[in-house]
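Bear in mind that the values in this text are calculations on the coordinates, not laboratory data. Source: prediction; values computed, not measured. Here Cβ is always computed from backbone atoms with ideal geometry, including for glycine, and neighbour counts include all displayed protein chains.
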Amino acid sequence: SRSTSLPNKESLGIDPQDLGYYKSNVIKCKDGSKKITKQQLNDEFCDCPDGTDEPGTSACPEGKFYCQNVGHIPIKIFSSRVNDAICDCCDGSDEYRSNANCPNTCWEAGKAARGKLKKKIETFKEGVVLRKVEIEKANQAYAKDEADLAKLKSDEKMLKDLVQKLKEQKEVIDKLEEERLKKEQDEKTLREEKEKSMEEATEMGETQHDGAVNNKQDESIDSHDIAVESGNDNRDDREAASSQAVEQYIGEDLDDGDVSEIADTSPYESPKQDKGDSSTSEELSREELGRLVASRWTGESADQKTDNIGNVEEEHMDIDPLVTNEHKVSPSETEEDGAKYNDDDDSYEDDKDEDFEEDHADSDGSYITDEYENPDPADTTVGSSSSWLDKIQLTVQNVLQAFNFFKTPVNVSDAVHIRKEYDDTSSKLSKLQSRVSSLTEKLKHDFGNEKEFYLFYDQCFESKQNKYVYKICPFKQASQVEGYGNTRLGSWDKFEESYRVMAFSGGEKCWNGPDRSLKVRLRCGLKNEISDVDEPSRCEYTAFMSTPSLCVEEKLKELEKKLDQMNTRETQNRDEL
Amino acid sequence: WKKDEFRNCDQTPFCKRARSRTPHSLPHFTLSDPSISDGHLTARLLQSISSSDNDSAAGDAPRPLLLRLSVYQGGILRLKIDEDHSDPSAPSKKRFEVPDVVLPDFEDRRLWLSRVSSSDDGSTSSVYLSEDFEAILRHNPFEVQVRRKGSNDPSISLNSHGLFDFEQLREKKEGEDWEERFRGHTDTRPYGPQSISFDVSFHGAEFVYGIPEHASNSLALRPTRGPGVEHSEPYRLFNLDVFEYIHDSPFGIYGSIPFMLSHGVKSSSGFFWLNAAEMQIDVLAPGWDDAAAAVKGRIDTFWMSEAGIVDTFFFVGPRSKDVIQQYASVTGTLAMPQEFAIAYHQCRWNYRDEEDVASVDAGFDEHDIPYDVLWLDIEHTDGKRYFTWDKVLFPNPEEMQKKLFSKGRRMVTIVDPHIKRDESYYVHKEATDKGYYVKDASGKDFDGWCWSGSSSYPDTLNPEVREWWSEKFSLQNYGGSTPSLYIWNDMNEPSVFNGPEISMPRDALHFGGVEHRELHNAYGYYFHMATADGLLKRGNVKDRPFVLSRAFFAGSQRHGAIWTGDNSADWDHLKSSVPMILTLGLTGMSFSGADIGGFFGNPEPELLVRWYQLGAYYPFFRAHAHHDTKRREPWLFGEQKTALIREAIHTRYSLLPYYYSLFRKASASGVPILRPLWLEFPEDKETFDNSEAFMIGESILVQGIYEEGQKSVSVYLPGEQSWYSMRNGAAYAGGQAHKLDVFEDSIPSFQRAGSIVPRKYRFRRSTTQMTNDPYTLVIALNSSLAAEGELYIDDGRSYDFEHGAYIHRRFVFSNGRLTSSSIDLAAAPPREKFSSSCTVERIILLGMRPGGAKKAVIEPGNYETVVEPGPLVLRAGAGSVALVIRKPDVRIADDWTIKVL
């Protein structure tokens, strides 16, 4: 209820910490523009353009009014809210001269806020522990990857040497072979013509046969890689298909010149035959024309149902049988989260991310990416490297030793052996090199100050929102999946706002709009979980993700301090009462 | 813009035919039997029979036409020419006369003509027009002139070049093919060609203005034909929904007002043709008629219309504000809006759901930016069925509106004329059952395509249909609506996606057998009228309606605001918004604006800020954006830009007392809120062709900034008195151009010396909370240290002001003394009173030397207050640039005097 007497002019709206500033009889405007007397303080006339002299009234546009909010947190409100007949301070102190009836709600609100803060602190406490574990794991994984990389690099060097040796050897053989062939040819020319032709035929056959054997062996060794590669190819196909779909779609945007043709000749079948017997082709073409013109404003395909106007995404969905549903998908349960895109601004405060996800279901939307789940069993993996590399070294040595350079003609089976070893080893080298480069690529990323996001590299996170499933793979890409349709929302760009936002950019182009992009705002939670995917601006997506990685100890201390303050005030208030 | 989609003059037979004629090439029309009847002058017009073949008259002997001249108070001559239906050979179909546009009480102001004077030789007749003017009819060839009495110099004349033509309705004979085809659409034209054309000359004119709506960089109408004109289309008046219209073109867009004003150093005059069919108007460059010597100081124009009758109004002026008031006395003045409607509006296609609405609303509060209205575009409906809500996105519309209104904010929803042809949709069912739709040429309900898919259009020409439509807005009928909900009529040209030129076929049929071709330009007018009437009824005629319309016609100002449609986010469109809005103001549509930021495309932050800075002065101030654009709420471009936009919006809110007073003045007299400089400085030729600067009322001049990164601008300040920068109080001499630095924080604006502008320097969430806030008076002294101004206040909502419930003050400063006295407009004593406890908290004196005053004495009471140096605006760091009378604390409603010493 409102206090019956007007509040004290000399403290009205003033932050207690600032009371000293207003003590003297002559008060300086904070912007240095002027000096005022005490009588001018809160006298409903703005003397200091910066608002210094009217903290307790609405007279200065740039003023701030301090509400004590005993029982809750004190806040500063814009002076535009003072006596505007709307209750802004929970203690009602901002409406001391208006008709508004502003009951003091600080006690209840404060209690609720403290409860919320406590809950948040609990989450943070747990989160901080989880984060430590995560970071430890991350650093182990990082160290291991680094070590692996070093090992791979040295293996690569060794393998390179071997390949080089084999190459030289092969070249010698090739040369000898060539010479031999030449010599034989020369000899043959001396022999009878008939015999020569027959012999040549035999030789050729043998060579071809050798080649075939080689190929066969390579195939069996490479089979896994081929599968992996073909997987990649498929992904490319998918992209190709989707861009093709977009092109097709663009193709439907007929030039003005074509419109009349459609109207005249109606080359289309109507998708909707709901007009009964009156639907002549003439009328259908009119409908087409209507849709077509509408599509200029909406950017939609002209031949879809009207009710779907606005859902352009649907149009860009292309069928992708390669996306399987084998991954765990958790429905998002974070609907009540009020924080939205407009929290993107700099003033983003932890007060707003209070709806962290500690009480969410066990099923989390994350899974390990294919590469991680099915690690490459090929013989280039680091764990078994010593054995396979040793083996190769041994083999090569044997081959090289066994080979007698001075024996001419060259033993055919030896030559085959050398060639085979060369092919095998160089294919292993190239695999190893690709492994080196992918690992190098991975380690190049910025994983946070404590590498807290290292384990995100090989994970994807999913969230279902209405009919769409959003799939977010940090450091890689993000997409929106509906049924078999897959829309690329963007490729990894970077962390923003000191690792509080993951940005993906350069996704599929929007009709009449920008390339799709996604920003994922991170906040402390006990699980890695995506929620609240939104599209505040056309084709610019936002999402929230809770993760222990954001449960920073300093923040926890801050929160605890805040709670302490609130509790202290509460006790004080009780004492005062 | 798809050029091929719209007809040009050559593809429009009546236009092509009329435009190819040379002066006096037609058989003369001769006037005969002038006589007085019922206070009118009536006569017959007959075309001399000629052997030359004129395709409109082929085979038929022309019937005489009926001419009627009438005279109205205030210097208005009305000329009507129609077919003579008493003639037995006349067809049964009557030509369309546009109803409900001329004010109902206009006829009361008719002067009863009692005699017609003939010249000595009998070649002319003349009638009294006003104290200073008379109308002259020349008989052969027929010509109408308005001229000053006793002079031979006409001010306006019609058919001086013998281009008058009138194609009469005919019954179709066998073998005749009148059909017209355009891009796969066929117009059956059952009555054959029926166009009308004539020339109108404005004498003593330097420029002509008006005939919106066209996108243009130029306020003055550029010639479209004659020497020096390359190829140009005539100005087309045909209401069309043009996708991505270009910023400078004579092609028709959303609205049509066939009213033209001329202006010269000595006088102004005006001409209005009440006709709702397609019109094409040429402004002819001097020498167009191959006259040996081009007449200086005369502008000839050529008017063509596809159908209808001649129903024209000549306005004698002679001052430009007289012309505007004369036009307003025919078509009316703007409806006085509620106060919230002249504040800032936030719109987007679309605020998606209730959560989105709440977060945008919260965004304004977080950033301390005031706004008054949040808008919902088509997506809020259930499948584009107007008067319904998407149940998933907007499950609790009433609660949503109440939440906004708890902060004094309103909501606007869109209601378009295309009604979804869905048997389960009650509006469609009722309209079908009652036969309320526009019919196609075959008599079936017209079925066209728009947002709602297959749709029909209510025939709001029919008063019964308007009545029915207006009831749809009652709180009971419009589910989910609350008293704080207002309406937006879009697509009412009408837009028909699969129709010819994206509109309705010309042979569609309206109430009374009226063809759409005859009515087209007024379709949106009647729809707007019915909607505004609905809101009026909803509020028991106590709540002033707010309805924004895109299409408009002469008289639309009585129904609400309009905006310039789907503009684009580029600097050219920013620039053309000013001549477009000024033109609308000159032709009655004072309450208008352009979409801040540009509808299509994404404005660079600099452009957006400049647009807010300019748009803050538009009479209708709304930001809007296409749904493919990036979000652009004011706080999305970084702290600094947010501050600039907040400042721009604050500027408007601080000027609301001044704006509201100007709206009242416009609603009383028709004089626009935004005015071309020449309206205030009619003799200053420098101002006649200025399309970049404008006056707000009589006291403020604004120059837009239309270029990216502009560092300086030349501003012409008219008149003999100086001007004070509203940014820093600096004085600039009048009657010359000044090269000024351009700042990021504002566009150049000046208060005229000799004026007093009432303002409010406190900012709130919305206008609702400003009601009791005190005033600041800014006095700009002229060279004799004098100034004057006005302030009008009422409850901002109801019609009580019509019964005297208002405060209207006049402030005069002279001899060091400011007095406030009451202006009483009403002749009768007020039945109701309006009171206000508001005070004046500050009086700023610009143009008084520093130390020129130390204190002020206030009467009555004889108490003193301090006069001290102070800032012009309350912004941190603002220096002292003026003298400020501190806290006089007089009540705004009272009489008082303040003397500075």
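See the values below:
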item: Dimensionless Rg/Rh of chain B - Kirkwood Rh, Rg from C-alpha atoms; result: 0.97
item: Tail weight of P(r) past 28 Å, computed on alpha-carbon pairs of segment B:183-324, percent; result: 20
item: Packing rank of B:241-253, A:452-464, where each peptide gets the mean count of other beta carbons within 10 Å, highest leading; result: A:452-464, B:241-253
item: Over segment B:1-45, equivalent-ellipsoid semi-axes from the Cα gyration tensor in Å; result: 38, 16, 6
item: Inter-label distance, nm, simple model (7 Å from Cα along the C-beta direction), B:S783/B:V812; result: 2.2
item: Table column - 3J(HN,Hα) (Hz), segment A:95-102, Karplus curve with 6.51, -1.76, 1.60, x for Gly and Pro; result: 10, 7, 9, 10, 7, 5, 9, 10
item: nm² value of the averaged projected area, convex hull over the Cα atoms of segment B:355-397; result: 3.3
item: Relative contact order, percent, chain B [alpha-carbon distance under 8 Å, six or more residues apart]; result: 9
item: Amide H contacts under 5 Å for A:G56, placed H, 5+ residues apart; result: A:N42
item: Two-decimal Rg to Rh for segment B:383-501 - Kirkwood Rh, Cα set; result: 1.00
item: Under 21 Å from the Cα of B:K434 - lysines, other chains or at least 8 residues apart; result: B:K420, B:K444, B:K472
item: Across chain B: Cys residues that no other cysteine approaches within a C-beta distance under 4.7 Å; result: B:C347, B:C450, B:C838
item: Gyration tensor verdict on segment B:1-120 (Cα atoms; rounded if a/c is under 1.5, prolate if a/b is larger than b/c, oblate otherwise); result: oblate
item: Rough spin-label spacing in nm, given labels placed 7 Å along Cα→Cβ, for A:A147 and B:S837; result: 8.0
item: Sorted largest first, extent of segment B:840-901 alpha carbons per principal axis (Å); result: 35, 22, 16
item: Cα-based Rg of segment B:500-628 normalised by 2.2 N^0.38 Å, two decimals; result: 1.20
item: For segment B:389-444 versus segment B:736-808, the gap between their alpha-carbon centres in whole angstrom; result: 39
item: Derived scalar couplings ³J(HN,Hα) [segment B:441-457; Karplus, 6.51 cos²θ - 1.76 cosθ + 1.60; whole Hz; x for Gly, Pro]; result: 4, 8, x, 7, 4, 5, 10, x, 10, 8, 3, 7, x, 4, 9, 10, 10
item: Gain upon complete extension [B:V265, B:E176; 0.36 nm per residue less C-alpha separation]; result: 26.8 nm
item: Members of A:K471/A:K519; A:K34/B:K899; A:K125/A:K562 lying beyond 18 Å, as alpha-carbon distances in this model show; result: A:K34/B:K899
item: Under the Karplus curve 6.51 cos²θ - 1.76 cosθ + 1.60, θ = phi - 60°, whole-Hz ³J(HN,Hα) for segment B:122-131, x wherever Gly or Pro sits; result: x, 8, 9, 10, 9, 10, 5, 10, 7, 3
item: Simple spin-label estimate for B:N396 and A:S154 in nanometres, 7 Å along Cα-Cβ; result: 6.8
item: FRET efficiency, 1/(1 + (r/R0)^6) with R0 41 Å, evaluated for B:D33 and B:S442 via beta carbons; result: 0.45
item: FRET E, pair A:E179, A:S438, Förster distance 56 Å, beta-carbon r, rounded to 0.05; result: 0.85
